[in-house]
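Reading through the structure tokens given below for one structure.
The values are calculated or read from the model by the stated rules, or taken from the named source; none is laboratory data. On a predicted model such as this, the values are computed, not experimentally measured, just so you know. We place every Cβ from the backbone using ideal geometry, glycine too, and count neighbours over all the protein chains shown.
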């Protein structure tokens, strides 16, 4: 999907969001529907990350009310986004640096333990642990499939890299670098970390009750692992929340610019503050995220997280699928650059990607916590999509 989006941006780097390509190749009706769906998905991602922040803070303050923690973090990070884009970038840099250092430290520690054949209470650290007692779907096929939605949620926002491409001085070079490095970092920080974790801890001994990072550092003899990793994941969740507020505010601003200039929405939210940010759009998006503290007053934090991640995944599946369909239309259009930044193995990879999104969506109906969100996504698509279709039909004369 990233290569598909990258290919479209390479053909027209002036666009600020991939939703623009959906409008161009699938029509303004689908584009407008996608814009609103994507923004709602972003709001729910903000809610999920805010819930995660509260759960991590509870490690140190178990009796402190979660809703107060959520309000504090939301106000602080919304304020960071309101001051200036530069401050957002500075905060994001340090959030990311903490996360990257922790992951690299674990990978280096793991490689050292495996190459030196360190002895742990679970045996020897070795790559052979990955294949020893290998069993396909050891907990059953259902558990394997039911993990897809949560993994899918972990990768939501991967398209954020495309938001500022249009502002780059050399967009063609930046697009290639950004997309390719994103894929490389996935291999390093996700796949690489998983290999190290399973090399040190046999998969039969991994515990779901604590972070695998914590388990690795404990086996390495690092007693403060739990508190340290909890701080790392807290900054990671805060980083994601920071990015979501940034993106949600700008996408709502974009939606406001697309409505008639005499409408209240355009007059209120299609404005840039003196600090150069869409302040009104950011504040409105942040206000909606305040639903999370209200939910935390009546529901367990873990349940709130499951609900909001499920809803956000539903919205994103719709948007990502439409992005892939837009790419297929692009390939058949006169805009197609045969010598551009092409998606590899397009004829095979494109339908497989769309099919995979469909499988993830279907899997939601087999997970009790995600059924409501999945049904809600269908209702949203039929109702809002239908209303948007008839609205656009009225705007376009029948003889055109």
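Could you grab me the full set of residues in segment 220-229 that are in contact with a helix residue (DSSP H, G or I) (Cβ under 6 Å, 6 or more places away or on another chain) and either surrounded by fewer than 20 Cβ atoms within 10 Å (Cβ to Cβ) or at pLDDT 80 or above (or both)?
Correct list: 220, 226, 229.
Residues being within 22 Å of the chain's Cα centre (by Cα) and at pLDDT below 90: count how many of those fall in segment 278-287.
Residues in segment 278-287 being within 22 Å of the chain's Cα centre (by Cα) and at pLDDT below 90: 1 in total.
Quick one: count up the residues across segment 64-91 that are part of a helix (DSSP H, G or I), under 17 Å from residue 278 (Cβ atoms) and touching a residue at least 40 places away in the same chain (Cβ under 8 Å).
Residues meeting the conditions: 8.
Among residues belonging to segment 177-219 that are assigned to a helix (DSSP H, G or I), touching a helix residue (DSSP H, G or I) at 6+ places or on another chain (Cβ under 6 Å) and without any contact (Cβ under 8 Å) to a residue 60 or more places away in the chain, point out the one that is nearest to residue 3 (Cα to Cα).
Step by step, filter segment 177-219, then rank; the result is 212.
For residues that are free of Cβ contacts under 8 Å to residues at least 40 places away in the same chain and more than 21 Å from the chain's Cα centre (by Cα), scanning just segment 230-259, find the one that is surrounded by the most Cβ atoms within 10 Å (Cβ to Cβ).
256
Residue by residue through segment 133-158, note down the ones that are out of contact with any helix residue (DSSP H, G or I) (no Cβ under 6 Å at 6 or more places or on another chain) and assigned to a helix (DSSP H, G or I).
Of the residues in segment 133-158, the ones out of contact with any helix residue (DSSP H, G or I) (no Cβ under 6 Å at 6 or more places or on another chain) are 133-136, 138-144, 146-147, 150-151, 154-155, 157-158.
141, 142, 143, 144, 146, 150, 151, 154, 155, 158 - these are the residues of segment 133-158 that are out of contact with any helix residue (DSSP H, G or I) (no Cβ under 6 Å at 6 or more places or on another chain) and assigned to a helix (DSSP H, G or I).
Residues that are part of a helix (DSSP H, G or I) and under 30 Å from residue 215 (Cβ atoms): does segment 115-125 have at least one? Break it down into steps so the answer makes sense when it comes.
As a first pass, look at segment 115-125 and keep what is part of a helix (DSSP H, G or I): 115.
If we keep only those that are under 30 Å from residue 215 (Cβ atoms) too, we end up with 115.
Taking every residue of segment 115-125 in turn, at least one turns out to be part of a helix (DSSP H, G or I) and under 30 Å from residue 215 (Cβ atoms).
Are there any pairs with C-beta distances below 8 angstrom linking a residue in segment 137-155 that is farther than 29 Å from residue 46 by Cβ to a residue that is in a helix (DSSP H, G or I), with the two at least 6 apart or on different chains, and if so which?
Filtered contacts from segment 137-155: 137/143; 137/144; 142/366.
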